Structure formats: C-alpha cells, structure tokens
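The values are calculated or read from the model by the stated rules, or taken from the named source; none is laboratory data. Since this is a predicted model, take the numbers as computed values, not measurements. Note that we place each Cβ from the backbone using ideal geometry, even for glycine, and neighbour counts take in every protein chain shown.
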Amino acid sequence: MLTHSPKIFIGSSTAGYSIAEKLKAHFSKDFDCLLWKESGVWEAGKSTFDNLLRIANYFDFGLFVATSDDLTVTNDRLVLEPRDNVILEMSLFLGALGRHKSFLLVEEGVKLPTDFDGIYMPSFVRKDDDTIKRACGEFINKITEHFHLGHLSLYPTTALALGYYKNFVAGLVESVRSADTLEFGGIPYNNFELNVVLPSNLKGNIRDKAAHFYHRHRLQENSMKTKYRSYPAWFQLDQTAAPNAIMYDMPSTLSAVSDAIQMVFEKGYQGRTKIEEVIEEREIGNFARVLQMQIDENPFATDMVRIIEEF
C-alpha cells in the first residue's frame, strides 16, 4: 500500500522559535516536519494570509506554539498573551483541517482567547525540557491515531474510496463466491483474487494509465459471470497456478482528485508544482487507507482483495 509520513507544519512567534525547533527534534523521528522559517513555506508574491491558506492544503497536521510574548491589560489585569499571528495561524488550520489535526502547545501561564475555553491543550515550562517532551508524546499519539483514520478533507479521496468499495469491490466480493468457472485455453479457473492497483501519480488520464498498465503486463481481458451480473476485468492467468486467477483493477475514479486539485489551485498553467505532487501523494495514500479499512471489515474481502502499488 502507498504510504507517506504525515507532514506537519510547526508555527510559532519569533520569540518562541527555539521551542518550535525542540518540537521538530522530537517529531522528526516519525514525521515530516517543516518549521515556519524554513524554505519552501512562503511563496513570493503572495500575502501572508494567502500563503497560510495555501500551506494548509499542503500539510496533514498543524502544530503551533503559544509562548508568553506580549504583556497586555485585560479587565484591569496584566496578562501574558501569545503573539497574534500564532493564534491566527492556528485558527486558519483549525478551519482548514479540523480540530483533530490542529494542535496548540501552550506555555504555562499564558492567557488564550476565550474561544479556546474547554479545549485541552498540553502546557509546558520554557526551561523544563521534560514538559516539552511529555507534551510531544501526547501529540504524537494523537497524530498517529488520526493519520490512520479516514477523514473527509478538502479533496474527495475519502468519499471516492467509500464509493469505489461499495459500488465495485463489495459487489465483486459477494458475487465471486457464486461465480461460474472461467476457462482460458481449456483450463478452468474458479478461485479469484483482486489486486487494486494504485497509480504512482495522477499524471494524465487514469483510464489511459490503467490501459497502459494492463497492456504492459500482458493481462487478459475477460468477463467473469456471476449470479448478479458480469464483471469485465483484467486477469493474470498462470496455468500452473490454476484454478487460481488474479484480477487487476486501477480505480479510474481517482481522476477526480486531479480535477479537484486544479480547481483549488485555480491552475492557469501546465505542469505540476511540488506542492501539487505532495498533495497527490497524500490523497492517494488516504484513498488506500480508507479502502483498506472497508476491506478489513469484511472477512471475505480481507481474504480476496489486496491493495498494491503500480509496478
């Protein structure tokens, strides 16, 4: 199955950047992290707000550090507050990714806006690295858990995977148990497996990519007749392995992901940027995870269906 490490954006104020660097040191063992000062974050010619909206599409998770940067008067009291830009960035990621994918690490004693009341946020003491490490452990557990769940996002892969499973895979799995024997060259085949082939990228037309894959591997097209319907499919048949037959399918529905990315980026150019490539990789991985969860819920599908990479 196609996988990639979760991509995490780490934001902070300038004063809190040293804490952000410590977070990256903890997270980089398992995740692909990028600090807000590092190259590849800000695109020239765009406002900070537009850049933030853009990078929210690029990352799987956002992690922000709220440090005691500003001394302000609130209700006749002096309070320590984080820099406004940190709260803005956190809020943008909350809106784009949701509360399960946006996290705030708060320095002890810092006052946050009341809108954050009731949300648990780990705290740390600036001079106590153990408190930072402990908070990172909590975040790592949450990120690992939620990364392996299928969440709806700006792009349609969660819905596409559910539709592909319900409209094709589930029916095929149910039908194949009563399928007629398939004969090639006088050799009978009646034990079927399905390999769902995920493309390595979304360049070009997925149907053309699938046709090229079937042709390149000399797969044979045939129709498997079942009690309910016939399933046109591409088979890999080995007489020495009979009665086992392997079917292959590359989900053409994934072409919708490329269309969605073009709409979001309002593309007026040919080619694909690095961010678009990463989003494609992430969404293909999400499609695989959601599809695998559906397969795992059906013991017959678990025995019969495999998700593989294009080869």
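Output the residue which, of all residues in region 18-68 that are closer than 17 Å to Pro122 by Cβ and among the β-branched types (Val, Ile, Thr), is surrounded by the most Cβ atoms within 10 Å (Cβ to Cβ). Checking each candidate, the answer is Val65.
The residue that is farthest from Asn85 (Cα to Cα), among those in region 106-151 that are of a type in the set (A, V, I, L, M) and within 29 Å of the chain's Cα centre (by Cα), is Leu149.
May I ask you to list the residues in region 6-17 that are assigned to a loop (DSSP other than H, G, I, E, B) and surrounded by 14 or more Cβ atoms within 10 Å (Cβ to Cβ)? Passing the criteria: Pro6, Ser12, Ser13, Ala15, Gly16.
Select the strands (runs of 3 or more DSSP E) contained entirely in region 160-218, then report the ones holding at least 1 residues which are under 20 Å from Ser258 (Cα atoms).
Result: 191-198.
Taking the listed residues Met90, Met121, the one that is in a loop (DSSP other than H, G, I, E, B) and of a type in the set (A, V, I, L, M, F, W, C) is Met121, with no other qualifying. In region 18-73, the residue that is modelled with the highest pLDDT out of those that are aromatic (Phe, Trp, Tyr) and outside any loop (DSSP other than H, G, I, E, B) is Phe64.
Tally the residues that are surrounded by 13 or more Cβ atoms within 10 Å (Cβ to Cβ) and either closer than 18 Å to Ala15 by Cβ or hydroxyl-bearing (Ser, Thr, Tyr) (or both), restricting the search to region 88-128. Qualifying residue count, region 88-128: 15.
Listed residues Leu35, Leu53; which is closer than 26 Å to Asp129 by Cβ and of a type in the set (A, V, I, L, M)? Before the answer, list the steps.
Numbers: Leu53 fails: closer than 26 Å to Asp129 by Cβ.
Step by step, each of Leu35, Leu53 is checked, and only Leu35 is closer than 26 Å to Asp129 by Cβ and of a type in the set (A, V, I, L, M).
Of Ala233, Ala241, Ala256, all but one fail to be within 21 Å of Ile279 (Cα to Cα) and assigned by TED's automatic domain parsing to the domain that holds Val176; the exception is Ala256.
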